[in-house]
Structure formats: C-alpha cells, structure tokens
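Read through the structure below, which is laid out as structure tokens, and then see the notes.
The values are calculated or read from the model by the stated rules, or taken from the named source; none is laboratory data. The model shown is predicted, which means the values in this text are computed figures rather than measured ones. Don't worry about glycine lacking a Cβ; one is built from the backbone with ideal geometry, like all the others, and counts go over all protein chains shown.
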Amino acid sequence: MKLSVKEIKEIFKPKLLPIIWKNDTLTILDQSLLPFQQVYVDLKDVDSVARAIKTMQVRGAPAIGITAGYGMVISLLNKKPSNLDEAIKEL
C-alpha cells in the first residue's frame, strides 16, 4: 500500500500541541490536567507565564524553557520599548 505525502503528514501530525503562538498570544496545554482533560490556557502577560510554570501547567525542561522565552517576548510586546536599551532593561 502506497501512501501520499499528505496521508503520511496526517498520520504523523501531533495529536496534542503543548505550546501555540498565534496573534501575539501564547496558548499552552494545561499539563496538570492530563491525561483526563485536554484544556488550553491563554497566557497574555508575564505573571500568567510565571504562574503557569510555577503551578506545573507546563512541564519538562524544554517546554518550560520555550514558555519562559515566549514570556520574554510577551513582556516586550506589552511594554513596547522604543529602543534596544529599553528592551534590554525590560528583559
């Protein structure tokens, strides 16, 4: 049986996306509710990102690092520094 590229991509498509960045919003899969519930949470500020990490809504070193990195992006988007020096101070 030969499969098309489209069919192969569909077979290997992730069933759960733990981290989604869309329209300047970070959305995470709340891993503290797995495996019984699949709930996504929007994180729109630095405090919500820190809380998600602290309460283990995000688990595992790679996911925590990625989420923290996006937290830095969110911080800059919310503060809108006018130059590089302000951006560095914010981070």
Practice task
Only residues that are assigned to a helix (DSSP H, G or I) and either surrounded by 14 or more Cβ atoms within 10 Å (Cβ to Cβ) or touching a residue at least 24 places away in the same chain (Cβ under 8 Å) (or both): list them for the stretch 52-67, please.
Solution key: 52, 53, 63, 64, 66, 67
Exercise for the section: All but one of (1) surrounded by fewer than 12 Cβ atoms within 10 Å (Cβ to Cβ); (2) at pLDDT 90 or above; (3) under 26 Å from residue 91 (Cα atoms) hold for residue 27, so report the exception by its number. Expected result: (1)
Exercise for the section: With the checklist (1) surrounded by 13 or more Cβ atoms within 10 Å (Cβ to Cβ); (2) not in a strand (DSSP E or B) in hand, flag the one item residue 78 doesn't pass. Expected result: (1)
Handout entry: Test for residue 41: is it in a strand (DSSP E or B) and either in contact with a Gly (Cβ under 7 Å, 6 or more places away or on another chain) or surrounded by 12 or more Cβ atoms within 10 Å (Cβ to Cβ) (or both)
Key = yes
Completion exercise
Of the residues in the stretch 1-29, those that are assigned to a loop (DSSP other than H, G, I, E, B) and over 19 Å from residue 69 (Cβ atoms) come to 1, 2, 3, 4, 13, 14, 15, 16
